[in-house]
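Below is one structure, written out as structure tokens; comments come after it.
The values are calculated or read from the model by the stated rules, or taken from the named source; none is laboratory data. Computed from a predicted model, the values in this text were never measured in an experiment. Note that each Cβ is placed from the backbone with ideal geometry, even for glycine, and that neighbours are counted across all protein chains shown.
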């Protein structure tokens with residue numbers, strides 16, 4: 001029986017079981033989302049090496065939250081971790097989810113540089129911030145703020161050291177002294193996410209979407225699952241496996257009927273189809 005973990009993403013998303021899963025969640029947005037998923041994996045060699053079904057599962061977190069997975073946008077990242085993909089929500093993703101509730105009048109998170117903060121009172125939450133007094137490009141901290149439609153306001157300030165202590169203590173994928181993964185490539189963005197996530201989960205109104213985001217964010221792939229979940233997962237995987245093997249047999253039969261189509265030709269056809277789909281998306 002085929003191993004779905006090793007099936008290329010551009011082939012995997014063509015299986016009926018996978019397409020149905022995304023269509024039920026995203027409706028008309030499903031084709032565009034799946035095209036984006038194939039592009040994300042094609043552009044990341046590390047993602048190509050992990051269990052491809054874990055990539056599907058991580059992408060489903062983004063689909064459920066209706067967040068784009070284009071890695072350059074910063075709403076959601078699919079991060080390789082211990083042979084599997086893990087979803088990581090960016091600070092833009094948290095802002096998006098919060099604004100959907102309709103309870104936030106304004107929200108922001110910014111990087112503070114040396115010289116910009118004259119004082120910070122943790123009790124009254126008064127921060128003397130002036131970007132005109134910036135002395136250098138050295139990052140000293142991060143400021144988060146929101147105001148609700150009912151007038152409630154919240155301001156938080158984290159120093160660079162506090163962020164790094166939090167990263168080392170709580171990040172399952174970048175818990176060492178030196179940042180790794182997304183923390184290494186996008187430290188400030190991850191720091192701003194940490195500030196917003198902490199602020200919103202402690203003091204902000206939480207929608208079901210936001211609660212799901214906080215629960216699933218940076219969640220390491222589970223090593224064990226309960227019996228019910230395992231049975232459900234097995235049924236889903238079995239269906240996808242059957243679809244995959246059926247499509248493989250049909251492809252071979254068509255090739256035989258046509259006098260034999262080489263693997264290179266099949267690969268070329270798939271690539272051309274993906275390129276056409278991407279071109280359509282870009283337009």
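For every residue, the table says whether it meets (1) out of contact with any strand residue (DSSP E or B) (no Cβ under 6 Å at 6 or more places or on another chain); (2) at pLDDT below 95.
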{"position": "81", "(1), (2)": "yes, yes"}
{"position": "86", "(1), (2)": "no, yes"}
{"position": "92", "(1), (2)": "yes, yes"}
{"position": "96", "(1), (2)": "yes, yes"}
{"position": "122", "(1), (2)": "yes, yes"}
{"position": "125", "(1), (2)": "no, yes"}
{"position": "137", "(1), (2)": "yes, no"}
{"position": "144", "(1), (2)": "no, no"}
- Can you name the residue in the stretch 71-83 that is more than 10 Å from the chain's Cα centre (by Cα) and more than 14 Å from residue 41 (Cβ to Cβ) and, of all such residues, is surrounded by the most Cβ atoms within 10 Å (Cβ to Cβ)? 81
- Which of the residues spanning the stretch 13-30 are within 19 Å of the chain's Cα centre (by Cα) and within 21 Å of residue 44 (Cβ to Cβ)? 13, 18, 22
- Task: At least 2 residues that are in contact with a helix residue (DSSP H, G or I) (Cβ under 9 Å, 6 or more places away or on another chain), in the same structural domain as residue 73 (by TED's automatic domain parsing) and under 13 Å from residue 79 (Cα atoms) in each: list the helices (runs of 4 or more DSSP H) lying fully within the stretch 1-59 that qualify.
- Result: 30-42, 45-49
- Members of the stretch 86-106 that are crowded, with 19+ Cβ neighbours inside 10 Å and either under 15 Å from residue 68 (Cβ atoms) or without any contact (Cβ under 8 Å) to a residue 60 or more places away in the chain (or both): 87, 88, 89, 90, 91, 92, 93, 94, 95, 96, 97
- Given the conditions (1) surrounded by fewer than 22 Cβ atoms within 10 Å (Cβ to Cβ); (2) more than 15 Å from residue 36 (Cα to Cα); (3) not assigned by TED's automatic domain parsing to the domain that holds residue 152, every one holds for residue 68 apart from (2)
- Message: Going through 112, 85 one at a time, which residue ends up being part of a strand (DSSP E or B) and farther than 20 Å from residue 156 by Cβ?
- Response: 85
- From (1) assigned to a helix (DSSP H, G or I); (2) at pLDDT 90 or above, pick out the condition that doesn't hold for residue 155. (1)
- Is it true that some residue in the stretch 115-122 is touching a residue at least 40 places away in the same chain (Cβ under 8 Å) and farther than 30 Å from residue 48 by Cα? yes
- Note on the structure: Looking across the stretch 132-157 at residues that are surrounded by 15 or more Cβ atoms within 10 Å (Cβ to Cβ) and without any contact (Cβ under 8 Å) to a residue 40 or more places away in the chain, the single one that is farthest from residue 95 (Cα to Cα) is 140
